[in-house]
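*Asks:* Sharing a structure here in C-alpha coordinates format.
The values are calculated or read from the model by the stated rules, or taken from the named source; none is laboratory data. These figures come from a predicted structure and were not determined experimentally. Backbone-built Cβ (ideal geometry, glycine too); neighbour counts: all protein chains shown. For the accessible areas, the whole protein counts, side chains as well, though only heavy atoms, and no ligand, DNA or RNA atoms are used. Shrake-Rupley method; radii C 1.70, N 1.55, O 1.52, S 1.80 Å.
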Amino acid sequence: MQFPENLRYTKDHEWIQVDGNTATVGITDFAQHELGDIVYVDIPSVGKPLNANEIFGSVEAVKTVSDLYLPVGGTITEVNAGLETTPESVNTDPYGAGWMVKMTISNLAEVNTLLDAAAYKQLIGE
(Lines give C-alpha, C1' and ligand atoms only; values in the text may rest on other atoms or scores of the structure.)
Protein backbone atom coordinates (compact mmCIF):
# COMPACT_ATOMS: atom_id res chain seq x y z
CA MET A 1 0.00 0.00 0.00
CA GLN A 2 1.06 3.54 -0.66
CA PHE A 3 0.94 6.55 1.68
CA PRO A 4 2.42 9.62 -0.03
CA GLU A 5 4.61 11.72 2.26
CA ASN A 6 3.16 15.02 0.96
CA LEU A 7 -0.34 14.25 2.30
CA ARG A 8 -1.89 14.40 5.76
CA TYR A 9 -4.18 11.65 7.06
CA THR A 10 -7.05 11.17 9.50
CA LYS A 11 -7.82 8.34 11.89
CA ASP A 12 -10.96 7.81 9.78
CA HIS A 13 -8.75 7.03 6.73
CA GLU A 14 -9.20 10.18 4.68
CA TRP A 15 -6.26 12.02 3.12
CA ILE A 16 -5.87 15.71 2.41
CA GLN A 17 -3.50 17.58 0.12
CA VAL A 18 -3.22 21.28 0.91
CA ASP A 19 -2.38 24.03 -1.60
CA GLY A 20 -2.71 27.45 0.05
CA ASN A 21 -6.18 27.51 1.62
CA THR A 22 -7.53 24.98 -0.88
CA ALA A 23 -7.41 21.24 -0.34
CA THR A 24 -8.16 18.02 -2.16
CA VAL A 25 -9.64 15.17 -0.09
CA GLY A 26 -10.06 11.44 -0.69
CA ILE A 27 -9.82 8.11 1.09
CA THR A 28 -6.57 6.26 1.66
CA ASP A 29 -5.24 3.21 -0.11
CA PHE A 30 -5.84 1.30 3.14
CA ALA A 31 -9.50 2.43 3.26
CA GLN A 32 -10.29 1.47 -0.32
CA HIS A 33 -8.59 -1.89 0.23
CA GLU A 34 -10.69 -2.56 3.35
CA LEU A 35 -13.94 -1.48 1.64
CA GLY A 36 -13.44 -3.59 -1.47
CA ASP A 37 -14.94 -2.78 -4.86
CA ILE A 38 -16.47 0.70 -4.71
CA VAL A 39 -19.65 1.03 -6.74
CA TYR A 40 -21.02 4.46 -5.77
CA VAL A 41 -19.87 7.71 -4.18
CA ASP A 42 -22.49 10.12 -2.77
CA ILE A 43 -21.41 13.65 -1.84
CA PRO A 44 -24.39 15.99 -1.36
CA SER A 45 -22.57 18.68 0.64
CA VAL A 46 -21.17 21.06 -2.02
CA GLY A 47 -21.25 24.69 -0.90
CA LYS A 48 -22.21 23.85 2.66
CA PRO A 49 -19.80 24.91 5.45
CA LEU A 50 -18.76 21.89 7.55
CA ASN A 51 -16.60 21.43 10.63
CA ALA A 52 -13.69 19.02 10.88
CA ASN A 53 -14.88 15.41 11.35
CA GLU A 54 -18.38 16.11 10.02
CA ILE A 55 -19.82 13.69 7.46
CA PHE A 56 -19.60 15.10 3.93
CA GLY A 57 -20.82 12.05 2.02
CA SER A 58 -20.63 8.30 1.76
CA VAL A 59 -18.98 5.63 -0.30
CA GLU A 60 -20.75 2.41 -1.20
CA ALA A 61 -18.86 -0.80 -1.79
CA VAL A 62 -20.28 -4.17 -2.81
CA LYS A 63 -20.78 -5.26 0.82
CA THR A 64 -20.98 -2.03 2.85
CA VAL A 65 -21.63 1.70 2.98
CA SER A 66 -19.16 3.95 4.80
CA ASP A 67 -19.44 7.60 5.81
CA LEU A 68 -16.82 10.12 4.68
CA TYR A 69 -15.51 12.61 7.25
CA LEU A 70 -14.03 16.01 6.41
CA PRO A 71 -10.42 16.20 7.73
CA VAL A 72 -10.61 19.94 8.48
CA GLY A 73 -13.35 22.54 8.60
CA GLY A 74 -14.31 24.41 5.45
CA THR A 75 -16.58 24.47 2.44
CA ILE A 76 -16.63 21.88 -0.34
CA THR A 77 -16.27 23.69 -3.65
CA GLU A 78 -16.07 20.78 -6.09
CA VAL A 79 -16.91 17.10 -6.31
CA ASN A 80 -14.97 14.76 -8.59
CA ALA A 81 -17.54 14.36 -11.39
CA GLY A 82 -15.60 11.42 -12.80
CA LEU A 83 -16.68 9.28 -9.85
CA GLU A 84 -20.28 9.29 -11.12
CA THR A 85 -19.35 7.08 -14.06
CA THR A 86 -16.17 5.45 -12.74
CA PRO A 87 -16.39 5.10 -8.94
CA GLU A 88 -13.82 2.29 -9.20
CA SER A 89 -11.18 5.04 -9.66
CA VAL A 90 -11.17 5.21 -5.85
CA ASN A 91 -9.88 1.61 -5.86
CA THR A 92 -7.42 1.89 -8.73
CA ASP A 93 -6.01 5.37 -8.03
CA PRO A 94 -7.08 6.64 -4.57
CA TYR A 95 -4.57 9.53 -4.55
CA GLY A 96 -5.06 10.56 -8.18
CA ALA A 97 -8.18 10.03 -10.30
CA GLY A 98 -10.03 8.75 -7.20
CA TRP A 99 -9.97 12.06 -5.28
CA MET A 100 -13.38 12.97 -3.94
CA VAL A 101 -13.70 16.69 -3.21
CA LYS A 102 -11.91 20.01 -3.34
CA MET A 103 -12.56 22.45 -0.52
CA THR A 104 -11.68 25.83 0.91
CA ILE A 105 -10.16 25.43 4.38
CA SER A 106 -11.52 27.77 7.06
CA ASN A 107 -8.64 27.31 9.55
CA LEU A 108 -5.26 26.21 8.16
CA ALA A 109 -4.00 25.44 11.69
CA GLU A 110 -6.30 22.38 11.75
CA VAL A 111 -4.09 20.73 9.11
CA ASN A 112 -1.29 20.52 11.69
CA THR A 113 -3.46 18.29 13.90
CA LEU A 114 -3.63 15.59 11.22
CA LEU A 115 -1.33 12.57 10.92
CA ASP A 116 1.72 12.53 8.70
CA ALA A 117 2.45 9.41 6.62
CA ALA A 118 4.62 7.78 9.33
CA ALA A 119 1.98 8.29 12.04
CA TYR A 120 -0.76 6.97 9.73
CA LYS A 121 1.27 3.86 8.91
CA GLN A 122 1.70 3.27 12.64
CA LEU A 123 -2.05 3.70 13.18
CA ILE A 124 -2.90 0.95 10.70
CA GLY A 125 -0.02 -1.30 11.76
CA GLU A 126 1.98 -0.91 8.55
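*Asks:* Using Cα-Cα distances under 8 Å and only pairs 6 or more residues apart, what relative contact order does the range 58-110 have, in percent?
*Replies:* That works out to 38 percent.
*Asks:* Let me ask something else about it. Along the Cα→Cβ direction, 7 angstrom out, place labels at ASN53 and HIS33. What is the inter-label distance in nm?
*Replies:* My value for the distance between the label points is 2.6 nm.
*Asks:* Accessible area of VAL101, 1.4 Å probe, to the nearest 10 Å²?
*Replies:* The accessible area of VAL101 comes to roughly 0 Å².
*Asks:* Ignoring ligands, DNA and RNA, what percent of the accessible area of the range 50-109 is carbon or sulfur (1.4 Å)?
*Replies:* 48 percent
*Asks:* Here's another thing I want to ask about it. In whole percent, what relative contact order does the chain give with Cα contacts below 8 Å and a gap of six or more residues?
*Replies:* 31 percent
*Asks:* Any chance you could check the Cα centroid distance between the range 47-126 and the range 4-23 for me, in angstrom?
*Replies:* 8 Å
*Asks:* Using DSSP to call loops (not H, G, I, E or B), can you name the GluC sites (Glu not before Pro) in the range 30-123 whose Cβ has at most 15 other Cβ atoms within 10 angstrom?
*Replies:* GLU54, GLU88
*Asks:* Could you work out which residue, out of PRO87, PRO44, PRO71, moves most in a Gaussian network model of the chain, that is, has the largest mean-square fluctuation with Cα springs under 10 Å?
*Replies:* PRO44
*Asks:* Given labels modelled 7 Å from the Cα in the Cβ direction, how far is it in nm from LYS121 to LYS11?
*Replies:* 2.2 nm
*Asks:* Under a 1.4 angstrom probe, counting protein chains only, how are THR22, THR28 ranked by accessible area, largest first?
*Replies:* Listed by decreasing accessible area, they come as THR22, THR28.
*Asks:* Please report the accessible area of LYS102 (heavy atoms, 1.4 Å probe, ligands and nucleic acids excluded) in Å², nearest 10.
*Replies:* Its accessible surface works out to 60 Å², give or take rounding.
*Asks:* Still on this model: Here are labelled values, [x] 140; [y] 89; [z] 99, and one is the computed volume of the Cα convex hull per residue in Å³ for what I pasted. Which one?
*Replies:* [y]
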